[in-house]
Amino acid sequence: KQWYQRRVRGRQTLCHSLGGNPVDLLTITQFPSLYNKSAAAALHERDYVVLTARVHPGESNSSWIMRGVINFLLSDHEKAQVLRSKFIFKIVPMLNPDGVINGSHRCSLLGVDMNRQWINPQPHLFPSLHNTKGLLQVMVALGKRPVLYCDFHGHSRKKNVFMYGNITQPSHNATVKLLPTILDIHAPAFSFANCCFTVEKARESTARVTLWRQFGITRSYTLESSYCGADQGLYKGCQLGTQHLEEMGAKFCEGLLIMSSADQPCCLSDNSDEEDDSFFSTDSDGTDDEDDSSA
């Protein structure tokens, strides 16, 4: 149990939902010994990564990707250890527990889409959104603006796994597109061709756009995973099952690690030996052969 306690500072309750259900907050990083003052000081210098999921309760595939993320970060894999030494991960695995418990597909107990309430969420109506924004506000006030925010979703019409980001200035083009580019290379289920980086008026109140505008998080994303399957790459023609989704979570973490070392010219090259060092096997029955977004 000692190894676990060094990585996770418990499972905290961020708040309680409108229905009285706890909203969990996980903190994952490499915690130093209490007697190692230099390591403790280094902990305060680490950058934050904030991840959320399940604001739309019916999108259970997003939870499988989040499961892949959490399992990878808690593993003894060498890349996971490096990630824990580089970042402090703040994770809210389920923003809308009321909707999940009561069998809603897209709404809260109020019958509204919570992912359209991020601009000014009322604490008594949308406590999980209000407190998640409060957490981010504290980070920014302390000079620790997250280097990345990502909200995990499922998509009912598009195939593959892909991302939405925010680009309104040419100077942000490379920064915002770097992680999707990495995932396109290293994650079999991911498709850069399906990604979109425009900021539509109808999406202004989503997590991705609101947190980008209000807190200046340049890398603020929605990660979408298809309800269906893939139409490209290794999994072309296959339904995306739970193993594929968990693998996507692990590949997302590996992508973060590559992104953090983006100053190395070789970071985007495809390594033929990578599969031997992967958290997941890429064995598959597959062959090589903005719209109704959940965002």
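The values are calculated or read from the model by the stated rules, or taken from the named source; none is laboratory data. Every value quoted in this text rests on a predicted model; they were computed, and no experiment measured them. In this analysis, Cβ positions are derived from the backbone assuming ideal geometry, glycine residues included, and neighbour counts consider all displayed protein chains. In case anyone asks, the SASA skips ligands and DNA or RNA and just uses the protein heavy atoms, side chains included. Shrake-Rupley method; radii C 1.70, N 1.55, O 1.52, S 1.80 Å.
Is it true that Ala141 is in contact with a strand residue (DSSP E or B) (Cβ under 8 Å, 6 or more places away or on another chain), hydrophobic (A, V, I, L, M, F, W, C) and farther than 17 Å from Thr52 by Cα?
The answer is no for Ala141.
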Which residue out of Arg157, Arg145 is over 20 Å from the mean Cα position of the chain (by Cα) and basic (Lys, Arg)?
-> Arg157
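Restricting attention to segment 110-132, which residues are part of a helix (DSSP H, G or I) and surrounded by 21 or more Cβ atoms within 10 Å (Cβ to Cβ)?
Result: Met114, Asn115, Ser128, Leu129, Thr132.
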Name the single residue, out of those in segment 217-230 being open to solvent by 40 Å² or more (accessible area, probe 1.4 Å) and more than 14 Å from Cys150 (Cα to Cα), that is modelled with the highest pLDDT.
-> Tyr227
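Is at least one residue of segment 175-185 in a loop (DSSP other than H, G, I, E, B) and either at pLDDT below 95 or not hydroxyl-bearing (Ser, Thr, Tyr) (or both)? Spell out how you get there, then give the answer.
Taking segment 175-185 and keeping what is in a loop (DSSP other than H, G, I, E, B), we get none.
No; the residues of segment 175-185 include none that is in a loop (DSSP other than H, G, I, E, B) and either at pLDDT below 95 or not hydroxyl-bearing (Ser, Thr, Tyr) (or both).
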Of (1) in a helix (DSSP H, G or I); (2) open to solvent by 10 Å² or more (accessible area, probe 1.4 Å), Lys251 fails just (2)
Leading residue by the ranking (farthest from Met259 (Cα to Cα)) among those in segment 96-106 that are open to solvent by less than 50 Å² (accessible area, probe 1.4 Å) and part of a loop (DSSP other than H, G, I, E, B) | Ser104
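The rows are residues; the columns are (1) part of a strand (DSSP E or B); (2) among the hydrophobic types (A, V, I, L, M, F, W, C); (3) open to solvent by 50 Å² or more (accessible area, probe 1.4 Å).
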{"position": "Asn61", "(1), (2), (3)": "no, no, no"}
{"position": "Asn71", "(1), (2), (3)": "no, no, yes"}
{"position": "Gln81", "(1), (2), (3)": "no, no, yes"}
{"position": "Ile88", "(1), (2), (3)": "yes, yes, no"}
{"position": "Met94", "(1), (2), (3)": "no, yes, yes"}
{"position": "Ser108", "(1), (2), (3)": "no, no, no"}
Pair list, Cβ < 6 Å and 6+ apart or interchain, from segment 1-18 residues that are assigned to a strand (DSSP E or B) to residues that are modelled with pLDDT under 50 and open to solvent by 100 Å² or more (accessible area, probe 1.4 Å) = none
Reported set for segment 194-216 where residues are in a helix (DSSP H, G or I) and either among the polar types (S, T, N, Q) or open to solvent by 10 Å² or more (accessible area, probe 1.4 Å) (or both) is Asn194, Lys201, Ala202, Arg203, Thr210, Trp212, Arg213, Gln214, Phe215
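Quick check, is Ile70 of a type in the set (Val, Ile, Thr) and out of contact with any Ser or Thr (no Cβ under 9 Å at 6 or more places or on another chain)? Let's see the steps before the verdict.
Numbers: of a type in the set (Val, Ile, Thr): yes; out of contact with any Ser or Thr (no Cβ under 9 Å at 6 or more places or on another chain): yes.
Considered against the rule, which asks whether it is of a type in the set (Val, Ile, Thr) and out of contact with any Ser or Thr (no Cβ under 9 Å at 6 or more places or on another chain), Ile70 comes out as yes.
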Looking at this structure, is Ile119 modelled with pLDDT of 95 or more, of a type outside the set (D, E, K, R) and out of contact with any strand residue (DSSP E or B) (no Cβ under 7 Å at 6 or more places or on another chain)?
-> yes
Matching residues, segment 196-231, being within 15 Å of the chain's Cα centre (by Cα) and over 20 Å from Pro121 (Cα atoms) = Thr218, Arg219, Leu223, Glu224, Ser225
Considering only segment 215-255, state which residues are under 27 Å from Leu74 (Cα atoms) and of a type in the set (D, E, K, R).
-> Arg219, Glu224, Glu246, Glu247, Lys251, Glu254
